[in-house]
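Read the figures in this text as sums done on the coordinates, not as results from a lab. Computed from a prediction, not measured in an experiment: that's the story for all the values here. As a convention, Cβ positions derive from the backbone with ideal geometry for all residues, glycine included, and neighbour counts pool all protein chains shown.
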Amino acid sequence: MTLLVSGWVAIDDIETPFEKRDGLLGGSATPAAMGAALFTDVRLLAAVGEDFPDKSRKLFEGKNIDLDGLVVVPGAKTSRWGGRYHYDMNTRDTLFTELGVNADWQPSLPKGWEATDSIFCAAGDPVVQRALIGGLEGPRASMVDTIKLYIDAAGEEFRTTIGAADFVAINDSEARMLAGTASIAKASSVLLETGTKGVVIKLGEYGAAYRSGDDYFVAPGYPLEDVIDPTGAGDAFAGGFMGFLDSVAEITPAAIRRAIVYGSTVASFQVEDFGPARLLTLTRDEVEARYRQFRSLTHFEVDG
């Protein structure tokens, strides 16, 4: 099986109450691709500028990720983002966003990628996301994500794109904004009306809520005592979710629930270090061990 991951590969400057790191490999597609590669073969579709460090590109190598779609655009600059977190690491301040190459780059599928089995479109232009999904030959699963930048600029286009995908992954504040309601449960119902099959609302350290036409499922976040850098946790979740779904023989309601827990498991590793550092050393055995712990923490017997 193969999973196409599209989105940004960027350079991040991150500041927390405890430490500051500059020049980190970041962007939405980076943790998504690395998380998904723990489960399936990944094809990365993204653009960087001529200034993109060779050492950053090498971090993708040997990770079950096809880099034929990682394009270097002549004369362009790599996208950059800077953020500052507070003691409540569910909140952050965006210090700057430099679109760079992603201001006007139009992705196209490398030859042969039309037959990719599944696709995750990380935050990006919703028109481009829709075109990428439509460019595949009947993907078995598709998911889109977004950020406030694109909701503000093209909210209606993103609603249309949600309807073209099997799943949408979106954080709680953006779901409320897009649906025009303060209720997470209501927001998931409103987003289902676009025509998508399932809505995943990411709740940060508190886990994720999933809604489909006939299912509602809530998975807690894995209890971590030390959170180093939450950047990219939602994308790592989506990568784990879609990577697992791409690896199963049949996408059933039970498989979707397992995918949510696997996604939360991968995200819990992402936050243990700055940038993608923890995902670079993460093994499938470690994921499976924490997945089993996750299940034991949420299991209970019903008396009577």
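Data overview
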| quantity | calculated |
| --- | --- |
| Ranked list, fewest to most other Cβ atoms within 10 Å of each Cβ, for Asp93, Asp172 | Asp93, Asp172 |
| Fluctuation leader among Val248, Val199, Val101 - the chain, Gaussian network, Cα springs under 10 angstrom | Val248 |
| Neighbour net charge for Gly7 - beta-carbon separation under 12 angstrom, K R +1, D E -1 | -3 |
| Relative exposure of Tyr216, Tyr262, Tyr291, judged by other C-beta atoms within 10 Å (fewest first) | Tyr216, Tyr291, Tyr262 |
| Packing-based exposure ordering (other Cβ within 10 Å, fewest first) of His299, His86 | His299, His86 |
| Span-like helix ranges in the chain, DSSP H, alpha carbon extent 24 angstrom or more, Kyte mean at least -1.0 | 253-270 |
| Euclidean distance of C-alpha centroids, the stretch 213-247 and the stretch 97-135, integer Å | 22 Å |
| Segments 137-146, 31-40 sorted - mean Cβ within 10 Å per residue, highest first | 31-40, 137-146 |
| Protection proxy ranking, peptides 20-30, 67-77, average beta carbon neighbours within 10 Å, highest first | 20-30, 67-77 |
| Percent RCO, i.e. relative contact order, over the stretch 2-298, from Cα pairs under 8 Å lying at least 6 residues apart | 18 percent |
| Selected from Thr196, Thr231, Phe120, residue furthest toward positive end of dipole (the chain; charges at beta carbon) | Thr196 |
| Computed [θ] at 222 nm, deg cm²/dmol, the chain (DSSP H ≥ 4; -39,500 (n - 2.57); rounded to nearest 500) | -11000 deg cm²/dmol |
| Sorted largest first, extent of the chain alpha carbons per principal axis (Å) | 69, 45, 38 |
| Over 31 Å (Cα to Cα) - which of Lys77/Lys186; Lys58/Lys197; Lys20/Lys63; Lys20/Lys186; Lys55/Lys197 fall in this group | Lys77/Lys186; Lys58/Lys197; Lys20/Lys186; Lys55/Lys197 |
| Within a Gaussian network of the chain (alpha carbon springs, distance under 10 Å), most fluctuating of Gly239, Gly204, Gly135 | Gly135 |
